[in-house]
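What follows is a short report on a single structure.
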Amino acid sequence: MAPHTEQLTRPAVRLRGLTRSFEGRTVLDDIDLDLPAGQFTALLGHSGSGKSTLLRAVAGIDHGVAGSGTLTAPERVSVVFQDSRLLPWRRILPNVLLGLDGRDAGERGRAALAEVGLAGRERAWPNELSGGEAQRAALARSLVREPELLLADEPFGALDALTRIKMHALLRQLWERHRPSVLLVTHDVDEAVALADRVLVLERGRIGLDLTIEREAGAHAAYRTRLLRALGVTEAVA
Amino acid sequence: MTAVTTTTATPPGSTAPSTAEEGHRVRRRRRLSPGRRLPATRLLGPALVLVLWAAASAAGELDPGAVPAPWTVLETGARLWTEGTLADDILTSLRRAGSGFVIGLTAGILLALASGLSRTGEALIDGSVQLNRAVPTLGLIPLFILWLGIGETFKIAIIAIVVYIPIYLNTHAALSGIDHRFVELAEVQGLSRLAFIRQVVVPGALPGFFVGLRLGVTGSWLGLVVLEQINATSGLGYLMFQAQNYGQTDVILVGLVVYGIFGLVSDTAVRLIERRVLSWRRTLSS
């Protein structure tokens with residue numbers, strides 16, 4: 001879990017000519033994309049723009065979806081879903097350790113839970129947790145595997161606004177400590193700008209905008225305006 | 001969550017328009033739910049029936065030949081136990097029901113797993129079981145007697161069939177109803193097929209399995225009663241059938257009581273196991 005600060009130049013994820021379609025309707029249209037190792041990327045788009053399809057393709061869980069193209073991704077990939085997906089019949093710690101074995105697994109699970117602020121809740125049942133806590137547990141479950149790539153599919157979409165702000169800070173902090181490549185799918189422009197170093201806008205199955213975010217004071221509003229315009233939202237931009 | 005009885009503020013749901021000078025007293029609404037449960041109320045009804053029965057017998061209102069008094073039934077039971085064959089009959093009946101149940105349980109689980117976890121298995125098994133279900137199992141008795149003879153084998157086979165069907169149906173339904181999101185999670189977490197079955201499929205299907213298990217237990221007693229009363233030379237049902245020939249209503253009642261105890265004990269046992277195994281669900285309802 002040692003933080004490694006050196007940026008690798010080899011891309012963690014490489015898509016070439018990625019095409020996916022549902023019943024003849026093209027959802028992803030010949031996408032070329034490189035995600036450098038350790039980069040925090042947000043993928044913005046309307047609902048139905050294909051952003052979840054892209055994430056599921058990278059995760060390798062798009063069974064039965066027609067498509068072509070090549071795709072390379074790291075060995076250790078973790079996914080955080082919109083719902084926490086904790087198995088209701090297992091307590092929190094075994095949920096975090098799902099699919100993990102080895103003698104020190106328990107220790108690592110406890111450490112991951114502590115890192116997301118859930119120390120002491122190892123023996124709680126999932127339905128005893130609040131929505132935010134459950135999502136923290138899901139984050140711990142993805143972290144404990146020390147992923148090289150973390151895929152997050154609207155992970156905060158079901159949370160209330162206050163919890164979401166706290167979760168943003170937590171995710172950014174965890175990313176700074178462990179430096180996995182992150183692909184965050186969201187439809188929240190502010191969330192994308194607040195968290196990511198690079199924001200992609202997916203539109204009609206293609207990358208419509210590829211924006212690098214520089215963290216400097218006062219830049220947020222300008223990025224927001226550009227992204228909203230790329231998404232076709234002009235009324236709210238004053 | 002209960003309403004405060006005396007308050008001067010107008011609640012948002014109040015029917016009368018609020019006035020600035022005076023609000024309305026909130027009166028608690030008439031409760032429409034039956035309210036809190038009384039302790040041990042389930043036993044109240046049966047106890048009342050027993051008291052009425054005893055009272056009517058003591059008053060001589062009941063024909064002892066048709067409905068013997070409760071104490072006569074108890075005496076007959078004790079006599080049959082010490083001098084007669086009641087203990088042997090119970091043992092024989094238990095062995096039949098038990099063997100049939102274990103075979104049916106095993107078959108139900110194995111078939112449900114095979115059919116729920118593989119498309120080939122489903123194609124081969126599910127249709128056949130549905131067809132089997134459509135034929136009333138007790139209607140198979142004549143055929144099974146011709147195939148297996150009138151001994152124990154055919155009785156156990158019939159009970160096994162009565163048991164395996166509800167267990168298969170409910171377990172299979174639970175298996176195919178497992179949340180697809182959990183399957184996806186298992187894929188993402190890199191679970192092996194065996195770990196997936198052990199950690200996701202089996203616990204996810206357990207609630208449905210227990211529904212089938214309880215139906216199966218009931219079914220095993222039902223099958224036993226029918227089989228023993230028509231084609232047996234030993235066992236509880238045979239005892240009762242003989243008593244019918246000699247007009248011994250007290251013996252018939254002893255048999256019914258024993259059947260009742262069998263059913264009650266086995267159902268309670270299944271329910272206790274269920275509560276233990278599915279303890280994670282209790283937190284939902286409490």
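The values are calculated or read from the model by the stated rules, or taken from the named source; none is laboratory data. If you're wondering where the values come from, they're calculated on a predicted model, not measured in any experiment. Here Cβ is always computed from backbone atoms with ideal geometry, including for glycine, and neighbour counts include all displayed protein chains.
Given the criteria at pLDDT 95 or above, more than 16 Å from the chain's Cα centre (by Cα) and either within 20 Å of B:A195 (Cβ to Cβ) or not basic (K, R) (or both), does A:L86 qualify? Judged against the criteria, A:L86 is a match.
Under the condition of being in a helix (DSSP H, G or I) and among the charged types (D, E, K, R), the residues counted in segment A:126-175 number 7. More than 11 Å from chain B (Cβ to nearest Cβ), small (G, A, S) and over 19 Å from A:P180 (Cβ atoms): does that describe A:A37? So A:A37 fails the test.
Of all the listed residues (A:D197, A:D188, A:D153), the sole one being acidic (D, E), within 14 Å of the chain's Cα centre (by Cα) and within 14 Å of chain B (Cβ to nearest Cβ) is A:D153. Inspection of segment B:208-223 identifies at least one residue that is under 30 Å from B:G255 (Cβ atoms) and within 14 Å of another protein chain (Cβ to nearest Cβ).
A:P126 meets the conditions (1) within 20 Å of the chain's Cα centre (by Cα); (2) at pLDDT below 95; (3) over 30 Å from A:S21 (Cα atoms) in every case but one. The failed one is (1).
Quick grid of which residues meet (1) closer than 21 Å to B:V200 by Cβ; (2) crowded, with 16+ Cβ neighbours inside 10 Å; (3) assigned by TED's automatic domain parsing to the domain that holds A:G45:
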{"residue": "A:R90", "(1), (2), (3)": "yes, yes, no"}
{"residue": "A:R103", "(1), (2), (3)": "no, no, no"}
{"residue": "A:G120", "(1), (2), (3)": "no, no, no"}
{"residue": "A:S130", "(1), (2), (3)": "no, no, no"}
{"residue": "A:A140", "(1), (2), (3)": "yes, yes, no"}
{"residue": "A:E176", "(1), (2), (3)": "no, no, yes"}
{"residue": "A:T186", "(1), (2), (3)": "no, yes, yes"}
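A single member of A:L28, A:L54, A:L43 is not basic (K, R) and not assigned by TED's automatic domain parsing to the domain that holds A:R206, and it is A:L28. If you go through segment B:176-200 and keep only what is away from every other protein chain (no Cβ under 11 Å) and crowded, with 21+ Cβ neighbours inside 10 Å, you end up with nothing. What do you reckon, is B:F210 in contact (Cβ under 8 Å) with a residue 12 or more places away in the chain, over 30 Å from A:L93 (Cβ atoms) and assigned to a helix (DSSP H, G or I)? No; evaluated as a whole, the condition is false for this residue. Checked against (1) of a type in the set (V, I, T); (2) in contact with a Gly (Cβ under 6 Å, 6 or more places away or on another chain); (3) under 20 Å from A:E191 (Cα atoms), A:V79 passes all but condition (2). Residues that are assigned to a helix (DSSP H, G or I) and in contact with a Leu (Cβ under 6 Å, 6 or more places away or on another chain) within segment B:184-205 comprise just one, B:A205. Of the residues screened, B:F101 is not one that is in contact with a helix residue (DSSP H, G or I) (Cβ under 6 Å, 6 or more places away or on another chain), at pLDDT below 95 and either within 14 Å of another protein chain (Cβ to nearest Cβ) or surrounded by 14 or more Cβ atoms within 10 Å (Cβ to Cβ) (or both).
Scanning segment A:63-81 for residues that are more than 10 Å from every other protein chain (Cβ to nearest Cβ) and either of a type in the set (A, V, I, L, M) or crowded, with 18+ Cβ neighbours inside 10 Å (or both) yields A:V65, A:A66, A:L71, A:A73.
Would you mind stating whether B:A205 is within 14 Å of chain A (Cβ to nearest Cβ) and either in contact (Cβ under 8 Å) with a residue 12 or more places away in the chain or of a type in the set (G, A, S) (or both)? The answer is yes for B:A205. Kindly indicate whether A:S21 is within 14 Å of another protein chain (Cβ to nearest Cβ), buried (at least 16 other Cβ atoms within 10 Å of the Cβ) and among the polar types (S, T, N, Q). Spelling it out, it is not the case that A:S21 is within 14 Å of another protein chain (Cβ to nearest Cβ), buried (at least 16 other Cβ atoms within 10 Å of the Cβ) and among the polar types (S, T, N, Q). Within segment B:236-286, the set of residues being away from chain A (no Cβ under 14 Å) and acidic (D, E) comprises B:D250, B:D267. Residue check: A:R110 meets all listed conditions (1) surrounded by fewer than 19 Cβ atoms within 10 Å (Cβ to Cβ); (2) over 16 Å from A:Q173 (Cα atoms); (3) not polar (S, T, N, Q) but one, namely (1). For A:L209, the conditions (1) closer than 20 Å to A:L149 by Cα; (2) surrounded by fewer than 18 Cβ atoms within 10 Å (Cβ to Cβ); (3) of a type outside the set (S, T, Y) all hold with the exception of (1). Yes or no: segment B:159-173 includes at least one residue that is more than 14 Å from chain A (Cβ to nearest Cβ), over 26 Å from B:W280 (Cα atoms), loosely packed, with under 15 Cβ neighbours inside 10 Å and in contact (Cβ under 8 Å) with a residue 12 or more places away in the chain. No, because not a single residue in segment B:159-173 is more than 14 Å from chain A (Cβ to nearest Cβ), over 26 Å from B:W280 (Cα atoms), loosely packed, with under 15 Cβ neighbours inside 10 Å and in contact (Cβ under 8 Å) with a residue 12 or more places away in the chain.
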